[in-house]
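> Handing you this structure, nothing more for now.
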Amino acid sequence: MSAGRLLRTLWPPLLLAAVLLGGWQLVGRFAIDNPQVLPTPSDVASAGWDQKAALWQNALPTLRETAAGFGLSFAVSWIIATAMDFSAAARRAVYPLLVASQTIPVIAVAPLFVVIFGFTLLPKMLLVALATFFPLTASLAEGFAAADGEAARLLRSMGASRWQAFRKVRVPGALPFFFTGLRVSITYAIGGAIFAEYAGAEDGLGIYMKQMQDVFRTDLVFATILVIAVLSVLLFASTYLLERLVTPWRRYERADSSGDGGRGRGWGRR
Amino acid sequence: MSEYQLEVSGLIQEFPRPDGAALRVLDGLDLRVRPGEFTAVIGPSGSGKSTLFNIVAGLDRPIAGEVRVDGRIATGYSAQVAYMPQKDLLFPWRTVEANAALGLEVQGVPKREARARVRPLFGEFGLEGFERSYPAQLSGGMRQRAALLRTVAMGRPVLLLDEPFGALDSLTRTQMQLWLAETWQRHGWTIVLVTHDVREAVLLADSVHVLSPRPARVVARFDADLPRPRTAATFQLPEFARLEQAVLNALGLKDHASRILRMPDTSSDRTET
């Protein structure tokens, strides 16, 4: 993305954010004037800056839980989606359960997991995985199913086995779908970890936020929320980066569909 | 070893219709192709040309009849012939080189070796310098050449080309036909070309098989003994016009065709009704 385009993309949300923060600052300063009820953005910023070491130390375990849980979710989604692709029976058996699993309220099972597994990494991992694996699995399964039937026939005419056809057509064909699912689920990932910590943890942004609430440091609660938001946005943005690395051909497809409208005769085009 | 590289005899194929009755698509179809022969199969839309190819490619089994490649039974076995489908079906996630090497990879040739083996062919296929490009970066004609390269690279005795130039604009199509005539001349591949295009069939092939409307049989076979090499000048030969007319007649387009042929600017597509 060029600097000019980046600027054009960024200034509207930045302007809106500035207006909202300005309004909040004015209301907090002059209408409420009680930092324990509503700290102003400047209160939040200075409190967060003072406690930056604590925030960072608590962000690390949260990120660790997110990564571990997301890794689990990633592995489970590929295994389930692959099984569903190879076996119609597996698909019929598993899919309703997957949908049902999404009705489990994370907020209700979080304390249960802590009771069962203690203050360890495991309950957090499981909650992050529970919150994220469905969009991953569903998008992968759909991506596999969307593979071109004619491409499969071509491979069959070449003498390809089912597994070769899966690896060479269905997996790469499913990647764009997968990244859509990845973007949906990654926004749930940190939230899942925070919920888990809320229910019981030794450290992490969730438990830190709770402790600050208990001592009426509303400014630091907001600062923690800000850190969580920034981390989530960074994770979200990183999926685009990853997508570019993993599916480099997609750039040309987009250019092709939005570009000159035709592939041209282009014998000499490079 | 048989005199013929590809022998198709007595193929019968039926598909179930929604009302439960059987729809007969192929009705005792025979086809014999000598080594190095370029054969065209032409027929009305829906006459079962794709059904024929699916059987020869081993993707479907016929109800009756058999396919032999180099004298050996190949009915129902894939991987005996190299099949180029109508759509180029280049995989967008593979570079042109990797697409071309796909058939070899499937046959178990290690990736790097497969790519090294297809690379020398790029110049002849007009794709030099595009080895690492993605298909989305290629023009329509280049994509078809890349698909043909993938087909040829498999090293199978017979190439099945299913309307390979059908989706191209007419100028590019003519360019591609002349290019294929020239390239075939150098390599002497055994080719079965399915087409809708009478001019394409007559220009390229040594023999033209005309199919009846469904259920399909071969109703006429012509030897296209026009001089080689075939070039743009071939279109001007009186034998070309005579053969084209004969094929059109065999397709049952006599009156219709003579009417069209009198018009100065005729695209070959119009012979298809």
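> Compute the Cα gyration tensor for the protein assembly as shown, then decide on rounded, prolate or oblate, letting a ≥ b ≥ c be the square roots of its eigenvalues: rounded whenever a/c is under 1.5, prolate when a/b is larger than b/c in the other cases, and oblate in all that remain.
Taking the square roots of the gyration eigenvalues as a ≥ b ≥ c, the protein assembly as shown is prolate.
> Apply the a/c threshold of 1.5 to the C-alpha gyration tensor of region B:89-134 and tell me whether it is rounded, prolate or oblate.
On the way: a/c = 2.01, a/b = 1.27, b/c = 1.59.
Taking the square roots of the gyration eigenvalues as a ≥ b ≥ c, region B:89-134 is oblate.
> A follow-up question, please. From the helices alone, meaning DSSP H stretches of at least four residues, give me the mean residue ellipticity at 222 nm for the protein assembly as shown, per-run term -39500 (n - 2.57), in deg cm²/dmol to the nearest 500. Please list the in-between numbers first.
Values: 21 runs with 297 residues, N = 543.
Taken over the protein assembly as shown, the calculation gives -17500 deg cm²/dmol.
> Taking chain B as a Gaussian network, Cα atoms linked when under 10 Å apart, which of B:ARG150, B:ARG117, B:ARG230 shows the biggest mean-square fluctuation?
Evaluated over chain B, the most mobile residue of the options is B:ARG117.
> Related question: Could you pull the Rg and Dmax for chain A, using just the Cα atoms, both in Å?
23.4, 76
> Could you pull out every one of the lysines with an alpha carbon less than 26 Å from that of A:LYS168, ignoring same-chain neighbours closer than 8 positions?
Candidates past the 8-residue exclusion: B:LYS87, B:LYS111.
> Something else: List every DSSP H helix in chain A whose Cα atoms extend 24 Å or more along the helix's own long axis and whose mean Kyte-Doolittle hydropathy is at least -0.5. Write out the running numbers ahead of the final one.
Numbers: long enough: A:3-26 (33 Å, 1.02); A:52-86 (50 Å, 0.65); A:121-145 (35 Å, 1.48); A:171-199 (40 Å, 1.11); A:218-246 (42 Å, 1.89).
Those that pass (Cα extent of 24 Å or more, hydropathy at least -0.5) are A:3-26, A:52-86, A:121-145, A:171-199, A:218-246.
> Okay, next question. Treating chain B as a set of equal point scatterers at the Cα positions, no solvent, please give the Debye-formula log₁₀ I(q)/I(0) at q = 0.16 Å⁻¹.
With no solvent term, the Cα-only Debye profile gives -1.29.
> Charges only on Cβ, +1 for Lys and Arg, -1 for Asp and Glu: so what's the dipole of region B:83-210 about the Cα centre, in debye to the nearest 20?
460
> Considering only B:PRO157, B:PRO227, B:PRO135, give the residue with the highest GNM mean-square fluctuation for chain B, with springs between Cα atoms whenever their separation is below 10 Å.
Result for chain B, Cα springs under 10 Å: B:PRO227 fluctuates most.
> Just checking the output field for B:84-97: average partner chain Cβ neighbours within 10 Å of each residue's Cβ?
4
> Determine, for B:HIS209, B:HIS196, the number of other Cβ atoms within 10 Å of each Cβ, and report the residues in order from fewest to most. Walk me through the numbers on the way to the answer.
On the way: B:HIS209 26, B:HIS196 17.
Placing the least packed residue first, the sequence is B:HIS196, B:HIS209.
Each value in this text was obtained by applying a stated rule to the coordinates, not by laboratory testing. Quick caveat: nothing in here was measured; it's all calculated off a predicted structure. In this analysis, Cβ positions are derived from the backbone assuming ideal geometry, glycine residues included, and neighbour counts consider all displayed protein chains.
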